[in-house]
Amino acid sequence: KRRGGRLISINPIRTGYSAVADEWVPIKPGTDGALMLAFIHELIKQGLYDREFLIKYTNSAELVIDDPSRDDHGLFKRFETHIEEGCFDPENKLWWDRDLNREISTHTPGTEPRLLGDFTLEDGTPVKPAFQLLKERVEQFTPEWAEGITGIPAETIRRIAHEMGVTARDQKIELPIAWTDCWENEHNSVTGNPVAFHSMRGTAAHSNGFQTIRAMSILMTILGTIDRPGGFRHRAPFPRPIPPCPKPPNSPEGVQPNTPLDGMPLGWPAKPEDLFVDDEGEAVRLDKAFSWEYPLSVHGLMHNAITNAWRGDPYKIDTMLLFMANMAWNSSMNTASVREMLVDKDENGEYKIPFLIVCDAFQSETVAFADLVLPDTTYLERHDALSMLDRPISEYEGPMDSIRIPVVPPKGECKPFQEVLIEMGSRLGLPAFVNEEGERKYRDYPDFITNYETSPGSGIGFLAGWRGKSGEKFLKGEPNSRQLEMYKQNDCVYHYHLPKSYQYMRNWNKGYLHWARAHGMTRYAEPITIHLYSEVLQKFRLAAQGKWPGRTPPERLRRRIEMNFDPLPFFSEPLLSRLGDSHEYPLNALTQRPMAMYHSWDSQNAWLRQIHTHNYMFVNTKTAKAQGIEDGDWIWAESASGKVRCMCRHSEAVEPGTVWTWNAIGKASGAWGLSPKANESQKGFLLNHVIPEELPPCEAGQHMSNSDPVTGQAAWFDVKVKIYKAGPEEPEQTWPQFKPQQKLPGQDPKRGKWQSYFAGMFRKKANIG
Amino acid sequence: MHPAFSVIFLTTLIGVGQGLFLALYTGQVYSLANLLPAQDSSAFYGMGSLLSMIFLIAGLFASFFHLGHPERAWRAASQWRTSWLSREVIVLPAFMGLVFLYGALHYLGWTMPLFTVSDTLPVDLTLIIGFLGSVAAFALFISTAMIYASLKFLQEWHSPLTVANYMLLGIASGFMLAAAFSAYTGVDLVAFFGTWAVIFTLMGMVTRAASLIRNKNLRRKIELKSAIGMRHSSMHQKAQGFMGGSFNTREFFHGKTAATVKVVKISFLVLVFPLPVALIAAAYALESSALPMLAFVVQYVGLMAERWYFFAEAKHPQNLYYQSMA
Amino acid sequence: MSQMALVIDLNVCVGCHACVTSCKEWNTSGWAGPMPDQRPYDADPTGVFFNRVQTYEVGEFPCTETLHFPKSCLHCEDPPCVPVCPTGASYKREDNGVVLVDYDKCIGCKYCSWACPYGAREFDEKNKVMKKCTLCIDRITDMSLPENERKPACVLACPTRARIYGDVHDPDSEVSVAIREQGGYQLQPEWGTQPANQYLPRRKTRMHIREDELVRSDNPLREEMELPVEGETLDDVAW
Ligand SMILES: Nc1nc2c(c(=O)[nH]1)N[C@H]1C(S)=C(S)[C@@H](COP(=O)(O)OP(=O)(O)OC[C@H]3O[C@@H](n4cnc5c(=O)[nH]c(N)nc54)[C@H](O)[C@@H]3O)O[C@H]1N2
Ligand SMILES: Nc1nc2c(c(=O)[nH]1)N[C@H]1C(S)=C(S)[C@@H](COP(=O)(O)OP(=O)(O)OC[C@H]3O[C@@H](n4cnc5c(=O)[nH]c(N)nc54)[C@H](O)[C@@H]3O)O[C@H]1N2
Ligand code: SF4
Ligand code: SF4
Ligand code: SF4
Ligand code: SF4
Ligand SMILES: [Mo]
């Protein structure tokens, strides 16, 4: 921004980074998909796309079978060659040669394919380049169409599309970096189109989020800004195959007593056969992830685990362990009910969720429900690994990971949860934790992160740095007993700087891909072609249409799958709006992250809670006045499933159809070591009470999750509400209120002034409690 | 501003003390000029000075409650070159010393003339000390008032009227007390002091009314525009940066409703001016000795209200930064 | 004589409060501390901070600017808070122009805070003395710190580098250049207090696309024979 870059914020609300944007484009929540599609429409119409990038690096020019009567309709036309089985996308596909005017194998040297048009192969198969299909798809999605949905004027949409297209085309960056692509073409420079996008849950936390983000990715793709200077840059271990290789178990047999899980706990299904379902095609997991209900739910559906367990659907449970998740408060939807489910009993007086173990470092709302509390240490009191195996902190220039080392000893009876897990793993004799003789392998967590290998001798472990006997290797190499010291000597961080020629175009950068394979970051050095057209999605759709040889979805889900697994991006209204009454509940209710707080767990911090002691509901001044609501008034925000009483703050920085508040500032009375009278519980409120965790009953089922039908991403931002003034007789206090939480053993009792004279002499006692 | 009771007591009490002393000395000068019967020096002037001392000491005592570190108060004498507060801190004890001397001399009856000016006017020590005391009294009025009047950011205070008010209201209340004191001790100076008290009260009414009117039509020198440097017709604070209050919200806001402030205003306008005057007038008619005392008490109570309002009325520019939280 | 100060770039401040907490972290445990809190875990928690970040809304929807506005002592060149102090506890350093309070001399009369039009001073209710931003005097004058760390805590903490520190009397310093070139301004200039700290206003980057920038001979649609080539283009004639 300082160097004259132009920052545009598309957001119903103007705060934080949006505040400093050069232009704020207020949008109706949940409608970004329409906006992205209109951008694509305009860019293609004006020819403001990066043709060369699309041809070489995406599947835009690849020929898709276009014959609805055929079972392989919508799949790429592939020719028979022997290809090694793998989870990569084999290159046995076709282009249409614009000079010879016939099909050729993709990336045939010296050829130029057509991006548009429809053709018939020699064998008579009608085909179209993927880009032609995209063009036909977005024809209808004009800026005028999007204006009606997003509330953004068509000319603004057009203008911004042109700004992006012209910048990408005319402001090219060229770096004098030579590299070689997967097809052996030498390039003596790296070029980039400086248009970058940043988007997170504003788009993802809506039930149409998957298609919205897909549309945005396609927008980035046609602008040619993927892993190029000035655009979206990959961070190791990405890029990975699309979708990446790991798969969940794909049948109930995958889960057997005394047997390791047959598959990954989380993975990336690529076809119906990868789903974790039983013979009826119904869910196996408690959260129903990887079932036909949410096939690509690579994060699982935590927010439904408690409700499902309580209902005993798909099965009853005996024990639930919650780690580092405040599920009795801010990470559940419909929170008040969820709190009741946690203590609800069945007809014979048994708890529906019999045993609840909570591992937490603070006195959270959830801790109050625990049968057993495992007091964890905080990050200052333990070792941690921000590992390559999880979500490392890599930089664009190369892989990076880090560790934490304790700076203060644990207090009271706290124990790092990692140690607890290793202890349990060892005692249960889980293969990873014991040797052939069944003896314990790892002394403790530091020992574990140093010596654990993904499989014996794989040379791949938690940490990428200083591997090999004497720390001479990186990423891959046998464990090094002095690895942690070496991290310590380097500020606890390892950062491998890729050679410049490996830092860009990594999906198709031969040097990089071979390097990545050699160091165990990917299994294949095959090019990672961008899916402008998603054959993966089409496979699920074919299954729903009964055209797939393998598994098919249960009847109730056919239409849902067919509609949402569209190989091309489309827009649909968020589910709650479609199934609910938007006239009764006209306003979108959102939360935002307050920069000074991390979810629920900063209210115990005496300084931070002075900044956010309680929260208000921000309402556009006109919207509020229309309801006779003045700035500072107590109001009700009511959705179809719940309501909260809170205070209103007028704002000109929010779109009139939206109300919002800071996330998780409101607390339950007595939690977090705060006084029961603390503002957090008396004036602060939690929006989650009004967010339903399940959709109203619909064709797809009685208890479908309030989530994206493709990914199961929680639709935190879909809820619609109405607001009205609280009655004069009502107390000036938030609602709902809960019985104040009791202090736990070990929580410091209030100290009198006189005690300061003893300078905390009684501390130790207080802690052990 | 938030009215601090320590300061309300300080300024009103020493005001009375100063006024009373000036009254006594005026009495002495008049009697010297044979315009008034001479008074018994120890009983009247001695005791009168004691009374004045009591008020001054009470005021001083109150002031300590305003300090975070009274034990360091002596340090406050160091910056007389630049700080009116420092000056007050110097003049107040000096004045008290002189009052003490004045009273002591009268009490001990050391009133034998040192010399006579043109055979008519015998000058004794009390006359000289009294003169110095009067000068100090005025110096004290000025420094006290200037503490407020010198703050250009507080436009309600930044005016000569502030000085005039402190002075006239102090003197008026002092003369009231003198009248009451005379009535109490049965010397017939009630009429004299009463008349002057009324005169000063009416003068004070004029200047105080003037400042009220001035402040009513005050043009704010600073608005949000220049406070944050943004030019726009519609600007609103959403968050002041904290929610549980801070020094800025405690010290500079009185936190009372407009209604309350209005009540205080009206009551001081009644209690300080018309009521005492009426009571004095009544005192004439009824020859009552109780009414003058009542008049003083009423006026003093009124002055406390006046002082409270004086603070509450003042709007500090910093308040522009503390209008809303979220 | 130099005058050290902060220049705050409202053009990039996102209101994250990192400067607020890092300020308190450094100063409460350092030379200027402590900065006590009252009712830290009870209703209406309050405490001493030297730096606050506020939020303002400018204009009406949809033409709204959300302004994040950090405010600490501005170290005025002619500080009204200093001469009024009866004890000399409030003073302005000769060498670098930093305005400070000597806690050992302060009698807690609060008069200086009345004399500050910016509300930059905060009274320490526990220790009964006046406190305020010290410009991290114990960092900026600590020669044992490496040059790049000899800066205020808030400056080092700011993720968007919205806080620039330097000598406003040195015309070539980063702050002076920023003030000159980006229209730096002072708060409440009317009083003549000449705040040393200045603020940089919002600046907008705009873009103008001309029609002819859209239709060009290198339009890829031509390659697809989607666009008629109207008339001759340079492509056809130039060699
Ligand atoms: N300070 C702080 N930082 C955090 C966290 C925290 O709790 N505190 N949490 C961390 C975690 S776990 C996560 S997941 C990330 C989340 O990071 P973000 O995704 O940035 O999270 P939010 O602030 O909730 O939402 C971002 C923006 O989406 C906007 N928005 C909502 N609906 C829509 C919409 O339909 N369209 C558009 N265009 N915008 C919309 C909101 O107004 C908000 O400004 O933050 C991480 N970082
Ligand atoms: N309305 C609404 N709800 C939301 C969201 C939203 O945007 N809007 N965002 C959603 C998102 S993206 C997320 S990620 C979730 C986050 O929701 P949660 O995962 O519940 O996040 P937190 O409240 O930050 O932390 C959970 C618990 O971790 C504990 N904790 C902190 N440190 C440690 C530690 O070292 N060890 C252990 N064992 N425990 C620790 C805290 O005390 C807290 O009780 O919230 C979701 N909920
Ligand atoms: S740290 Fe920087 S960006 Fe954050 S509030 Fe302070 S000045 Fe603004
Ligand atoms: S900002 Fe206030 S405290 Fe700081 S120097 Fe200026 S007047 Fe004094
Ligand atoms: S509070 Fe302290 S620093 Fe301020 S004027 Fe009084 S003595 Fe001086
Ligand atoms: S300069 Fe130092 S004292 Fe002043 S605001 Fe920044 S961190 Fe706080
Ligand atoms: Mo998250």
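For the reader, a short list of remarks on this structure follows.
- Selection of the stretch C:154-168 for residues being in a loop (DSSP other than H, G, I, E, B) and either within 16 Å of ligand 4 (Cβ to nearest atom) or in contact with a Lys or Arg (Cβ under 9 Å, 6 or more places away or on another chain) (or both) yields C:THR160, C:ARG161, C:VAL168.
- Subset tally (residues that are at the interface with chain B (Cβ under 7 Å from one of its Cβ atoms) and within 10 Å of ligand 4 (Cβ to nearest atom)) for the stretch C:38-76: 1
- Restricting the stretch A:9-32 to residues that are of a type in the set (A, V, I, L, M, F, W, C) and within 10 Å of chain C (Cβ to nearest Cβ) leaves a set whose member that is nearest to the chain's Cα centre (by Cα) is A:ILE13.
- Conditions (1) under 23 Å from B:ILE228 (Cβ atoms); (2) among the small types (Gly, Ala, Ser); (3) touching a helix residue (DSSP H, G or I) at 6+ places or on another chain (Cβ under 7 Å): number failed by C:ALA153: (1)
- Residue in the stretch B:218-234 that is in contact (Cβ under 8 Å) with a residue 12 or more places away in the chain, farther than 30 Å from C:LYS131 by Cβ and away from chain C (no Cβ under 14 Å) present: yes
- Taken over the stretch C:90-117, residues that are within 28 Å of C:GLU149 (Cα to Cα), within 12 Å of chain B (Cβ to nearest Cβ) and in contact with a helix residue (DSSP H, G or I) (Cβ under 7 Å, 6 or more places away or on another chain) amount to 1.
Table: residues versus (1) part of a loop (DSSP other than H, G, I, E, B); (2) farther than 19 Å from A:ARG559 by Cα; (3) among the small types (Gly, Ala, Ser).
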{"site": "A:PRO244", "(1), (2), (3)": "yes, yes, no"}
{"site": "A:GLY263", "(1), (2), (3)": "yes, yes, yes"}
{"site": "A:LEU266", "(1), (2), (3)": "yes, yes, no"}
{"site": "A:PRO269", "(1), (2), (3)": "yes, yes, no"}
{"site": "A:TYR294", "(1), (2), (3)": "yes, no, no"}
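- Enumeration of residues in the stretch A:604-624 that are of a type in the set (A, V, I, L, M, F, W, C) and either more than 9 Å from chain C (Cβ to nearest Cβ) or in contact (Cβ under 8 Å) with a residue 12 or more places away in the chain (or both): A:LEU608, A:ILE611, A:MET617, A:PHE618, A:VAL619, A:ALA624
- For the stretch C:159-171, filtered to residues that are over 18 Å from C:ASN96 (Cα atoms) and crowded, with 22+ Cβ neighbours inside 10 Å, the residue that is farthest from ligand 6 (Cβ to nearest atom) is C:ALA162.
- Residue count, the stretch C:169-204 (criterion: part of a loop (DSSP other than H, G, I, E, B) and more than 30 Å from A:ARG6 (Cα to Cα)): 8
- Within the stretch C:122-157, the set of residues being buried (at least 17 other Cβ atoms within 10 Å of the Cβ), more than 14 Å from chain B (Cβ to nearest Cβ) and aliphatic (A, V, I, L, M) comprises C:LEU135, C:ILE137, C:ILE140, C:ALA153, C:VAL155, C:LEU156, C:ALA157.
Residue-wise test of (1) modelled with pLDDT under 95; (2) part of a helix (DSSP H, G or I); (3) within 16 Å of ligand 6 (Cβ to nearest atom).
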residue	(1), (2), (3)
B:ALA76	no, yes, no
B:THR82	no, no, no
B:GLY97	no, yes, no
B:TYR102	no, yes, no
B:MET112	yes, no, no
B:THR116	yes, no, no
B:PRO122	yes, no, no
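- Verdict on C:PRO79 being more than 8 Å from chain B (Cβ to nearest Cβ) and part of a loop (DSSP other than H, G, I, E, B): yes
- In the stretch C:177-188, the residues that are buried (at least 22 other Cβ atoms within 10 Å of the Cβ) form Cβ pairs under 6 Å with partners that are in a loop (DSSP other than H, G, I, E, B), at six or more places apart or across chains, as follows: C:LEU187/C:PRO195; C:GLN188/B:ILE222; C:GLN188/C:PRO117.
- Selected residue [away from chain C (no Cβ under 14 Å), among the hydrophobic types (A, V, I, L, M, F, W, C), touching a helix residue (DSSP H, G or I) at 6+ places or on another chain (Cβ under 9 Å) and away from ligand 2 (no atom under 16 Å from the Cβ)] from A:LEU35, A:LEU54, A:LEU43, A:LEU48: A:LEU35
- Selection of the stretch C:101-145 for residues being near ligand 5 (Cβ under 7 Å from one of its atoms) and assigned to a helix (DSSP H, G or I) yields C:TYR111, C:CYS112, C:SER113.
- Restricting the stretch A:132-179 to residues that are of a type in the set (Phe, Trp, Tyr) and closer than 25 Å to A:GLU573 by Cα, the residue that is farthest from the other protein chains (Cβ to nearest Cβ) is A:TRP145.
- Scanning the stretch A:509-526 for residues that are outside any helix (DSSP H, G or I) and surrounded by fewer than 23 Cβ atoms within 10 Å (Cβ to Cβ) returns A:HIS519, A:GLY520, A:MET521, A:ARG523, A:TYR524, A:ALA525, A:GLU526.
- Among (1) buried (at least 19 other Cβ atoms within 10 Å of the Cβ); (2) within 14 Å of chain C (Cβ to nearest Cβ) - the single one B:GLN299 does not satisfy: (2)
- B:ILE57 being surrounded by fewer than 16 Cβ atoms within 10 Å (Cβ to Cβ), of a type outside the set (Gly, Ala, Ser) and assigned to a helix (DSSP H, G or I): yes
The values are calculated or read from the model by the stated rules, or taken from the named source; none is laboratory data. Computed from a predicted structure; not experimentally measured. Reconstructed Cβ throughout: ideal geometry from the backbone, glycine too, with neighbour counts over all protein chains shown.
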